[in-house]
Amino acid sequence: MSTRRIILITSITFITGFILYSIFNRNEPVEKIVHPLGGQFAGSESCQSCHQTIYQTFLTTPHSKTSASATNLSILGSFKVGENVFQFNERDHVEMNMYDSGLFQNIYSGDQKIGTQRFDVVIGSGTKGQTFLSWHGNKLVQLPVSYYTPEQQWSSNPGNPTDRLILNRPVGPGCLNCHSTHFDVTLKLNEPPDYDNHKFILGIQCERCHGPAAQHVSLGGEIDPTTKGRKVVNPKFLNRKQQLDLCSQCHSGNRASTSSSFHFLPGDSLSYKNITSQITDTSSRAEVHGSQYDLLIASKCFRLSDDLTCSSCHNPHKKERGNLELFSTKCISCHSGKKEELKNCKLAEQMGDKINKNCIDCHMPVRASKKITFRVDDKKNLDSEMARTHFISIYPTQSEKIIEMLKKLNQKI
């Protein structure tokens with residue numbers, strides 16, 4: 001037998017043995033992510049084999065997209081020359097650039113490049129806007145430029161000065177707590193927290209509302225109606241407060257209190273900081289960003305009901321944003337037996353049967369946020385996030401605006 005043939009056979013035998021050894025003696029290929037209160041995450045992909053329809057429709061929701069890995073598909077802003085610059089002032093500007101090595105914000109003072117930061121994480125579904133994070137070791141920092149969807153332009157970061165650069169702004173767990181399912185976080189004294197850059201789950205995924213699912217998957221789909229066993233929970237089995245607390249983690253204007261970020265499981269109860277006067281304010285001064293829970297519980301509809309919760313109007317598994325007729329059917333389902341209420345509505349005569357198709361614009365009007373403000377590149381004035389108030393009430397001024405709009409439409413017809 002030739003020497004070449006012996007070497008070939010020996011090499012094949014060695015490679016085959018190495019492959020077989022690797023198959024039967026390999027370590028776990030996926031990092032285990034465990035909730036601080038117990039239970040291992042399985043990942044939303046594990047849900048689709050049994051819940052295919054729900055899984056597919058959920059992927060279209062803003063919750064699912066509220067954070068993501070940064071790619072040219074997940075970032076909405078343009079990288080084209082002429083559309084990829086945000087000017088802070090006469091000297092400082094940022095260019096958004098796409099290279100083979102990744103996506104970057106390049107920072108300039110005058111003609112001098114003073115820094116570059118990679119797009120790593122996108123925060124925000126893009127319904128209203130996006131902001132961006134970059135990994136610096138085990139730290140996360142906010143990139144200096146965000147994106148504002150209504151204007152389809154790059155913008156200053158919400159809450160930051162609009163006329164000067166803010167570099168390496170550290171990202172606290174409070175932001176991530178409402179824009180992701182989980183981050184392994186280590187709090188530090190007098191310095192920004194550390195995050196394990198291998199142990200995080202982006203987006204508000206199935207397990208944020210149903211609990212870590214590894215045990216559920218291994219047991220073939222068993223659920224825990226009591227929540228005491230910490231298997232997957234179906235929120236419909238929770239009492240009213242538990243259901244509301246599940247949503248108010250992120251929708252109570254930072255009033256909901258847990259021991260720490262990501263230290264909440266479905267079925268847990270929250271405590272709340274003192275309610276301020278702004279929560280019951282029906283004027284344009286009421287803060288609408290993240291305050292849906294506070295505004296809802298102050299509403300007459302909620303106070304006179306024994307079972308109204310967020311899911312009475314929202315299906316978290318489907319994209320429903322902007323479907324005013326759908327949401328109005330939820331209103332009519334409670335008010336359909338109260339004909340006098342509809343007769344007394346100022347818009348009944350003008351709208352006729354259409355009145356049942358849009359209760360929302362009159363009774364839950366869109367308001368400007370005072371917290372979330374920013375500037376797009378070609379404007380001097382600030383823009384505000386626009387969000388629908390969840391204080392369900394009668395707004396005479398809003399009704400008058402809609403009456404005037406209807407009159408104009410009728411004149412055109």
Scanning region 123-161 residue by residue, those open to solvent by less than 50 Å² (accessible area, probe 1.4 Å), assigned to a loop (DSSP other than H, G, I, E, B) and closer than 17 Å to residue 368 by Cα turn out to be 149, 157, 158
Reported set for region 58-112 where residues are buried (at least 19 other Cβ atoms within 10 Å of the Cβ), of a type in the set (Val, Ile, Thr) and within 25 Å of the chain's Cα centre (by Cα) is 61, 66, 75
Taking first residues from region 162-188 that are closer than 23 Å to residue 40 by Cα and open to solvent by 30 Å² or more (accessible area, probe 1.4 Å) and second residues anywhere that are part of a strand (DSSP E or B) and hydrophobic (A, V, I, L, M, F, W, C), the pairs with Cβ under 6 Å that are 6 or more apart or on different chains are 179/123
Across (1) of a type outside the set (Val, Ile, Thr); (2) at pLDDT below 90; (3) assigned to a loop (DSSP other than H, G, I, E, B); (4) buried (at least 19 other Cβ atoms within 10 Å of the Cβ), residue 228 clears everything bar (4)
Result of the Cβ filter at 8 Å on region 362-373, keeping first residues that are surrounded by 20 or more Cβ atoms within 10 Å (Cβ to Cβ) and partners that are assigned to a strand (DSSP E or B), at least 6 apart or interchain, is 364/388; 365/388; 367/386; 367/387; 367/388
| said: Being closer than 24 Å to residue 356 by Cβ, modelled with pLDDT of 90 or more, open to solvent by less than 50 Å² (accessible area, probe 1.4 Å) and in contact with a Ser or Thr (Cβ under 7 Å, 6 or more places away or on another chain): is that true of residue 305 here? | reply: no
Screening 113, 139 for residues that are of a type in the set (Lys, Arg), at pLDDT 95 or above and farther than 25 Å from residue 200 by Cβ leaves only 113
Considering residues that are in a strand (DSSP E or B) and more than 19 Å from residue 122 (Cβ to Cβ), the number found within region 66-106 is 4
Those residues of region 111-122 which are over 20 Å from residue 197 (Cα atoms) and either part of a loop (DSSP other than H, G, I, E, B) or in contact (Cβ under 8 Å) with a residue 40 or more places away in the chain (or both) amount to 111, 115
By residue number, the members of region 145-165 that are modelled with pLDDT under 95 and among the hydrophobic types (A, V, I, L, M, F, W, C) are 165
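Give me the residue from region 342-358 that is of a type in the set (D, E, K, R) and in contact with a helix residue (DSSP H, G or I) (Cβ under 6 Å, 6 or more places away or on another chain) and, out of that set, modelled with the lowest pLDDT. So that I can check it myself, show each step before the final result.
At the first step, the residues of region 342-358 found to be of a type in the set (D, E, K, R) are 343, 346, 349, 353-354, 357.
Then keep just the ones that are in contact with a helix residue (DSSP H, G or I) (Cβ under 6 Å, 6 or more places away or on another chain); that gives 346, 357.
Numbers: 346: 65, 357: 82.
Going through the qualifying residues, I end up with 346.
Mind checking which residues of region 191-225 are at pLDDT below 90, of a type outside the set (D, E, K, R) and assigned to a loop (DSSP other than H, G, I, E, B)? Before the answer, list the steps.
In the first step, residues of region 191-225 are kept if they are at pLDDT below 90; the result is 215-225.
Subset that is of a type outside the set (D, E, K, R): 215-221, 223, 225.
Hits for region 191-225 are 219, 220, 221, 223, 225.
The values are calculated or read from the model by the stated rules, or taken from the named source; none is laboratory data. Fair warning: this is a prediction, and the values are worked out from it, not measured in the lab. In this analysis, Cβ positions are derived from the backbone assuming ideal geometry, glycine residues included, and neighbour counts consider all displayed protein chains. Keep in mind that these areas ignore ligands, DNA and RNA; they rest on the heavy atoms of the full protein, side chains included. Shrake-Rupley method; radii C 1.70, N 1.55, O 1.52, S 1.80 Å.
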